[in-house]
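*Asks:* Provided herewith is a single structure, encoded as structure tokens, for subsequent inquiry.
Throughout, read-outs are computed from the coordinates displayed, never taken from laboratory work. Here the structure is a predicted model, which is why all the values come from computation and not from measurement. Don't worry about glycine lacking a Cβ; one is built from the backbone with ideal geometry, like all the others, and counts go over all protein chains shown.
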Amino acid sequence: MMKAIILAAGMGLRIRSKFVDPKALIKIGKETILDRQLRLLKEVGIKDVYIVTGYKEYLIKQQYPQLNFITNPFYMVTNTLASLMLALVHVKEDTFIINGDTVFSDDLLPKMIGADNYCGVQNIDRTSEEVTVTIENNKITNIGKWVMNDIEAVGVYKLNKSFLLDLYRVSENTKTIFIDYYEDGFNRILRSHLFYPVFTFAEEIDTYDDYKRAQERFG
């Protein structure tokens, strides 16, 4: 049975002057980001949800006691690969992986159901911050902040068991595991796995401008 992992350990430093709680608890319209993600997961039949927390995790635990919590005790000094690896100790089935600060279109998850590996993407005017992808013959061949392209990976993925097992095997002894993004881990195994883009609209809430755009589109 498919599961979901939501990564919500980060401190949200770039938006801290406006929101001091974890970004997953920011309200877009009448829902928190996490409310919206859980609703959309439920609509595609996903009820078994793991969430990796760190910064002010007690606030998320108070509001969502039904979730399976995994603490990243090193959240102040690690990046997203470390958080994901903590979750993969418990989860090795086909899984949705979602950044806890990403607001995305209602129709994205249904398009990602299936045996293959999928990455939510959108066209952007690139700055230096986005994780972007290279697409060749409708397959993702590179992913990362170093990829100089105008197609962004929005932080929503559906990965099959084979991909996740390979990711864990390759990443567990990586010397840079604490500083890598999980997309760096993806990149190391892409030659062995088919990875398909699914175009969507999304907003990752890193700054107050991101928040305002999310309110306009999804609020």
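*Asks:* State to the nearest 20 debye the size of the charge dipole of region 69-121 about its Cα centre, where the only charges are +1 on K and R beta carbons and -1 on D and E beta carbons.
*Replies:* 200
*Asks:* Here is a further query. With each run of n ≥ 4 DSSP H residues scored as -39500 (n - 2.57), what mean residue ellipticity at 222 nm is computed for the chain after dividing by its residue count and rounding to the nearest 500 deg cm²/dmol?
*Replies:* Only helices count here, giving -8000 deg cm²/dmol.
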